[in-house]
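Shown next, in structure tokens, is the structure this report addresses.
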């Protein structure tokens, strides 16, 4: 039986990339692409619609806010999804690799799969030194305190819809990805990583591209790890 799958893409000022992301998503397996326009002041919304995505508006700034808006919409669909896939709008991931990200769920009944940039092929310069260090530190702390072995907090991920709803996600900003992984660990979900390809994003990152963003994200991730101990 074919699984119902939706993709949620948070997007803030990604007019030059969001259309490429939507166009490259394999439509043979994905039922709906949901782009959440997170208070953009450029053509992100228009370009996402032109590429065929359903576009939602979330004026409260924050990655988690945008993801929660997408989940709210997915929950209200006439046909409930079986699997929810999260993907960034900056074209750093390869949307066509959705096939390999969802494979462990479809073939081995995993609950959640993280696309790992650390074990995949990563283009030079696609991740800043502070991103690489931050991922290493966060995943090391998660291994020490939660007993789970991750190599990345990568945003490219897939999770069963019912399991996602059980997590009661609440983070509104930078702690979203780590919150999902920590709560899944606490609930003993069957999780794994698959290597994904990663390239330099289009445009400048709102997080790693600024000192404020880097410090803010790092602080939120670390405090989230200790919050759920």
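The values are calculated or read from the model by the stated rules, or taken from the named source; none is laboratory data. Predicted, not measured: the structure shown is a model, and the values here were computed from it. Cβ sites come from the backbone with ideal geometry, for glycine too, and all protein chains shown count toward neighbours.
Annotations
- Condition check for residue 31: out of contact with any helix residue (DSSP H, G or I) (no Cβ under 8 Å at 6 or more places or on another chain), within 25 Å of residue 114 (Cα to Cα) and surrounded by fewer than 17 Cβ atoms within 10 Å (Cβ to Cβ): yes
- Single unsatisfied condition, residue 171 versus (1) closer than 25 Å to residue 30 by Cα; (2) surrounded by 14 or more Cβ atoms within 10 Å (Cβ to Cβ): (1)
- Residues of the stretch 109-146 that are in contact with a helix residue (DSSP H, G or I) (Cβ under 7 Å, 6 or more places away or on another chain) and part of a loop (DSSP other than H, G, I, E, B): 110, 111, 118.
- Boolean, residue 169 is part of a helix (DSSP H, G or I) and within 18 Å of the chain's Cα centre (by Cα): no
- For the stretch 55-72, a tally of residues being surrounded by fewer than 16 Cβ atoms within 10 Å (Cβ to Cβ) and either modelled with pLDDT of 95 or more or under 16 Å from residue 168 (Cα atoms) (or both) returns 4.
- Only listed residue being crowded, with 16+ Cβ neighbours inside 10 Å, modelled with pLDDT of 95 or more and out of contact with any strand residue (DSSP E or B) (no Cβ under 7 Å at 6 or more places or on another chain), chosen from 110, 91: 91
- The one condition from (1) within 22 Å of residue 29 (Cβ to Cβ); (2) crowded, with 21+ Cβ neighbours inside 10 Å that residue 75 does not meet is (2).
- When we screen 16, 47, 23 for residues that are in a loop (DSSP other than H, G, I, E, B) and either over 26 Å from residue 109 (Cα atoms) or touching a strand residue (DSSP E or B) at 6+ places or on another chain (Cβ under 9 Å) (or both), the only hit is 16.
- The set of residues in the stretch 147-165 that are surrounded by 22 or more Cβ atoms within 10 Å (Cβ to Cβ) and part of a loop (DSSP other than H, G, I, E, B) comprises 150, 152, 153, 154, 156.
- Annotation: residue 106 fulfils all but one of (1) in contact (Cβ under 8 Å) with a residue 40 or more places away in the chain; (2) over 24 Å from residue 228 (Cα atoms); (3) assigned to a loop (DSSP other than H, G, I, E, B); the unmet one is (3).
- Any chance residue 148 is free of Cβ contacts under 8 Å to residues at least 60 places away in the same chain and either over 18 Å from residue 175 (Cα atoms) or in contact with a strand residue (DSSP E or B) (Cβ under 9 Å, 6 or more places away or on another chain) (or both): yes
- In the stretch 61-75, the count of residues that are more than 29 Å from residue 192 (Cα to Cα), over 14 Å from the mean Cα position of the chain (by Cα) and not in a strand (DSSP E or B) is one or more.
- Test: residue in the stretch 128-137 that is under 17 Å from residue 225 (Cβ atoms), surrounded by fewer than 20 Cβ atoms within 10 Å (Cβ to Cβ) and touching a strand residue (DSSP E or B) at 6+ places or on another chain (Cβ under 7 Å): no
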